[in-house]
1. Just to be sure I understand the curve: with the Debye formula and one point per C-alpha of the stretch 78-119, what is log10 I(q)/I(0) at q = 0.30 Å⁻¹?
2. Calculate how many DSSP beta bridges within the stretch 1-122 are antiparallel, expressed in % of all such bridges and rounded to the nearest 5.
3. Can you classify the stretch 49-123 as rounded, prolate or oblate using the Cα gyration tensor, where a ≥ b ≥ c are the square roots of its eigenvalues, rounded means a/c under 1.5, and otherwise it's prolate if a/b beats b/c and oblate if not?
4. Need one value: the accessible area of F114 in square angstrom, 1.4 angstrom probe, rounded to the nearest 10.
5. Compute the FRET efficiency between D99 and K181 as 1/(1 + (r/R0)^6), taking r as their Cβ-Cβ distance and R0 = 41 Å, and round to the nearest 0.05.
6. In debye, nearest 20: dipole of the chain around its Cα centre with unit charges on the Cβ of K, R (+) and D, E (-)?
7. Run through the DSSP bridge list for the chain and note the antiparallel percent, rounded to the nearest 5.
8. Using +1 at the Cβ of each Lys and Arg and -1 at the Cβ of each Asp and Glu in the chain, identify which of A170, P77, N110 lies farthest towards the dipole's positive end.
Amino acid sequence: MDVVGDLLARDRRSRDTALVTADGRERTYHDLITNAYKAANVLRYLGAREGSVVALAPAPGLHTVLAFLGAARLGAPVRFDPEAGIAAGDRVVLVAVDDEPGVDPRPGTNLVAFGGPPARPETTHWEQELWSENPATPPSSVTPDDAVICGADGGEEDRDAGDGDISHGALLDAAATVSEKHDLTAGSRVAFGGDLSDPRAVTAGLVAPLSVGATVALTDQSRSGVEIAASVDETDESPQSVDLGSIAFR
């Protein structure tokens, strides 16, 4: 894989479980990839393009994961900080519907809400657009050197380009290191707690398992960290905790 959008290759669509949300609902790789295509098309309709930034709520859930993968497919870097996205005038800002009343986007920023119909008519209802969107994959010319996470602070020694951005190539390389170190396979189950604001957690809890066909289990936000079990059915009695501090982006 050269870019994060390669996680969405059509030949990776299968009936194996890709994602389990905190409420226990399962999505197959076929579901996840097809709906990530739809997310990419919604974001493109709202103006997201290569180089334009999409700000996402950091809470890990189906819709934030789909938006992250869809933006990566388009080549639009994401920042997991809606407030910073509003201040920076990002092209698209996605928030939970309960947070919509407190968000005041600038002209040129499209506000999107998930979790129910928004209160304001100018706010896009994410689910309404997502489920009605074309499932075809949009065109893309993303390169490994393009940013995939914008403004991430992984420490001075770990920054990819000196400005806090993390490239597609750096994220995938870090994910490959996690997979190798923890022997991740398609039969593994990765419990991902906390939120998406830490790019190391995104690497270990989302990108690494998806890259090998494993299952990602999103947990309640009160549980932070990433744990890897060798068995999807959780029969492994000693899951491995990932040391997020050891993950570096080069």
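The values are calculated or read from the model by the stated rules, or taken from the named source; none is laboratory data. Treat the numbers as computed from the prediction; the structure is a model and nothing was measured. All Cβ positions, even for glycine, are placed from backbone atoms using ideal geometry, and neighbour counts span all protein chains on display. For accessibility, only protein heavy atoms count, side chains too; no ligands or nucleic acids. Shrake-Rupley method; radii C 1.70, N 1.55, O 1.52, S 1.80 Å.
1. -1.10
2. 25
3. On the way: a/c = 1.76, a/b = 1.21, b/c = 1.45.
Judged from the Cα gyration tensor, the stretch 49-123 comes out oblate (a/c at least 1.5, b/c at or above a/b).
4. 40
5. Computed FRET efficiency for D99 and K181: 0.65.
6. 820
7. 40
8. N110
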